[in-house]
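What follows is one structure encoded as structure tokens, with my remarks underneath.
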Amino acid sequence: MRDTFFYTVRAILPILLLILLGSVLRRTGPWSQDFYKQLNQLCFRVFLPVQLFCNVYAIDDLSSMNWRVIAYLSGGVLVCAAVGILAARLFVRDPLQKGVVVQAAFRSNQAILGLPLANSLGGAAAMGFAALTTSVTVPLFNILAVVVLVLYSSEQAQRPTPRSVLRQVLHNPLIIGTMLGVFAVVFRQFLPLADGQPIFTIRNQLPSVFDALTRMSGVASPVMLVVLGTRLDLKSAGSLLPQMSLGVVLRLIVSPLLVIGTALLFRGPLGLTVIEFPSVLTIAATPVAVSSAVMVQELGGDDQLAGQIVVWTTILSVATIFCIVYLLRFFGFL
């Protein structure tokens, strides 16, 4: 039990410390919120796509990946969205708040918190699988979020067309980085071999480029975790407490129970190993994505509620993820 406790601490503590550093810098540092916003945009548009590219490019063979788990997680996201719709219909009156609550049920912070957490739990192989999972779940998150928020948005909000939704998904830097990595892996597999290796790889033929990409990849997660910490604001939620609590419960309790619990029941047919299980955890148990609040603001929802849910799921997920990781490690699933 002691070894399990320290394993959990080693997996969670580095992430928590970086978030706390951001929170301290926000209060004591000389930099403005505009600086942190620009830094976040730089990471989102440059460093994080490069990290996703490198993680996918490190996969030797896409056909060897467990696509059953990726399909299961996609289905899990859809089920969580359905549960969120039911909960919003039963417990939320304001239409502008319903879409926010539904989004909280299914949209995890896979890119910023999920990837480093997968790396902490399962190493480079688990992080590579998590990056591949991101190529499927991030488009799904975006499409579902647009559809749900538009359904509940105000009449004044501009309702996007299927073409504009597709454009938004394809222009997402995370999707671009991941799909370039997938294309590079597929292209590499069709190249002739020399001494058992492809005749061209970035690592061997372009070592300086590969080294630069690797260094940029290492910047993404630490910086974005620090920036995430600068966004934590513990102001009172006031009248938003019931709706905020519902969103927090859906994201941190209901979704993990549904997705992780079902995965444990069917771990044999799914072929779950220590490489895939961290992705199941990160999709189900990480807090609501920071970008969700921005999308709510653009599509006419209650952006104040969305911001509060992001903040409180981030804070409370430290405890819930710790408990989940501890239990999974104790029973031998990690």
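The values are calculated or read from the model by the stated rules, or taken from the named source; none is laboratory data. All of these numbers come straight from a predicted model, not from anything done at the bench. Cβ atoms come from the backbone with ideal geometry, glycine included; neighbour counts cover every protein chain shown. Side chains included, ligands, DNA and RNA excluded: accessible areas come from the protein's heavy atoms. Shrake-Rupley method; radii C 1.70, N 1.55, O 1.52, S 1.80 Å.
A simple spin-label model places the labels of S245 and Q33 2.7 nm from each other, with each point 7 Å out along Cα-to-Cβ. Each of W312, W67 has its accessible area taken with a 1.4 Å probe; listed largest first, they run W67, W312. Remark: relative contact order (the chain) = 34 percent; criterion is Cα-Cα distance under 8 angstrom and separation of 6 or more residues.
In plain terms, the chain from L62 to F190 could stretch by 44.8 nm, reckoned as 0.36 nm per residue minus the Cα-Cα distance.
Which whole-number percentage describes the relative contact order of region 74-152, with Cα contacts under 8 Å and a sequence gap of 6 or more? About 35 percent, as a whole number. Helices that extend 27 Å or more along their long axis by alpha-carbon positions and average at least -1.0 on the Kyte-Doolittle scale are, among the DSSP H runs of the chain, 2-28, 67-91, 115-152, 207-230, 303-330. Local charge for L21 was computed over the other residues whose Cβ lies under 15 Å away, with Lys and Arg +1 and Asp and Glu -1, and equals +3. Ligands, DNA and RNA excluded, the heavy atoms of Y72 present near 50 Å² of accessible surface to a 1.4 Å solvent probe. Taking the accessible area of region 28-160, probe 1.4 Å, and keeping the other protein chains in place, the carbon and sulfur fraction comes to 60%. Which stretch or stretches of region 51-75 have amide N atoms under 15 Å from the point lying 7 Å from V147's Cα along the Cα→Cβ direction? In region 51-75, the label zone of V147 (backbone N under 15 Å from the point 7 Å along Cα→Cβ) covers 74-75. Rolling a 1.4 angstrom probe over the protein heavy atoms with all chains in place gives the chain an accessible area of 48 Å² per residue. Highest mobility in the GNM of the chain, judged by mean-square fluctuation with C-alpha springs under 10 Å and restricted to A220, A118, A71, is found for A71. Applying 1/(1 + (r/R0)^6) with R0 = 22 Å to the Cβ-Cβ distance of L327 and T273 gives a FRET efficiency near 0.75. For the chain, a Gaussian network of Cα nodes joined below 10 Å ranks L117, L246, L265 by mean-square fluctuation, and the top entry is L265. Calculate what fraction, in whole %, of the accessible area of region 202-334 sits on carbon and sulfur atoms when a 1.4 Å probe is rolled over the protein chains. Taking all protein chains in place, region 202-334 shows 68 percent carbon and sulfur surface.
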